[in-house]
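**Student:** Let me begin by handing over the structure; questions about it come next.
The values are calculated or read from the model by the stated rules, or taken from the named source; none is laboratory data. Values in this document were obtained by computation on a predicted structure and should not be read as measured data. Every residue, glycine as well, gets a Cβ built from its backbone with ideal geometry; the counts of neighbours run over all protein chains shown.
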Amino acid sequence: MSAAASRAAEAARAGIRLPGMAQSFGIPLLLFAAIVALLEWLKDSGHLPITVPAPSQVAEAFLQSYGDLLYHMGPTVLGAVLGYALAISIALALAAIATSVRGAEPPIFRIGVAIDSIPLIALTPILMVWVGNGLSSRIAIATIASLFPLIVGSIRGFRAVEQNASELFHVLSASRGQAMVKLALPSALPYLFAAFKIAAPLAILGSLIAEWVSADRGLGIMMVYALFSFNVPLAWLTILAVCALAALAYGLVAGIERLVVGAGSGERLHSDG
């Protein structure tokens, strides 16, 4: 009797989960299929301009240029990852200074705002002269592109320490380093991961911008070649590849956040805000 009851309970829970899974995956897939079918019909009926290819044309370009796409994707991803890691290191160091040194936070914020306000497409040629047009330029632009949200999230996170916990560490005569590693950093994790998720796609964009200006490999130069040769399906293929990389970067950071912080970190962050 108990076994039957347990099976019934499991079936009930599965029945409850199934609509949720269908809503999470089934509806977006159906919507995507409907959009693809609509675009295909609009292209066949001549309602789309020449600059918008049919999904079947993009799929054909993918099959023809799959190897080239992977070949050019590597440098873009490498530059973005290294620039992203460098931006995280700089942001954490600046946040530690801003929260530890009195009066340091306003000038650090001003520097971050000034850097963020510079158009990257105008800054890239200057950096090319300074650091060259190889991997170093991709790293530099990716770092600049993703730095500001990381600075804001890091400083706000380090400021989110509970007063009682801070006083306890003071009573226990903890050093600044111990308080930073054992108190401030764990308290800042929800804010840090919120900034990490915003900055990850920006790093991809920064690496792409560097390749637009000057590069011999990368999705950016592949996109430029496709545009100059008026290969519209290939141009859209590179655009979709960049979008997929940005979404993947966001999803990877979100997955790491769930493993490190837990599913409730976002709710706690919103409640604090």
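**Student:** Looking at Thr99, Thr76 in this structure, which one is among the polar types (S, T, N, Q) and at pLDDT below 85?
**Tutor:** Working: Thr76 fails: at pLDDT below 85.
Only one candidate qualifies: Thr99.
**Student:** For the stretch 119-133, what are the residues that are exposed (fewer than 10 other Cβ atoms within 10 Å of the Cβ) and of a type in the set (S, T, N, Q)?
**Tutor:** none
**Student:** Find the residue count for the stretch 69-104, including only residues that are among the aliphatic types (A, V, I, L, M), surrounded by fewer than 20 Cβ atoms within 10 Å (Cβ to Cβ), in contact (Cβ under 8 Å) with a residue 60 or more places away in the chain and under 30 Å from Pro233 (Cβ atoms).
**Tutor:** 5
**Student:** Which residues, counting only those in the stretch 212-231, are modelled with pLDDT of 90 or more and crowded, with 19+ Cβ neighbours inside 10 Å?
**Tutor:** Answer for the stretch 212-231, where residues must be modelled with pLDDT of 90 or more and crowded, with 19+ Cβ neighbours inside 10 Å: Gly218, Leu219, Gly220, Ile221, Met222, Met223, Ala226.
**Student:** So how many residues does the stretch 232-250 have that are surrounded by 17 or more Cβ atoms within 10 Å (Cβ to Cβ) and closer than 18 Å to Lys43 by Cβ? Write out each step before concluding.
**Tutor:** Residues of the stretch 232-250 surrounded by 17 or more Cβ atoms within 10 Å (Cβ to Cβ): 232-238, 241-242, 245-246, 249-250.
This time we only want the ones that are closer than 18 Å to Lys43 by Cβ, so: 232-237.
Count: 6.
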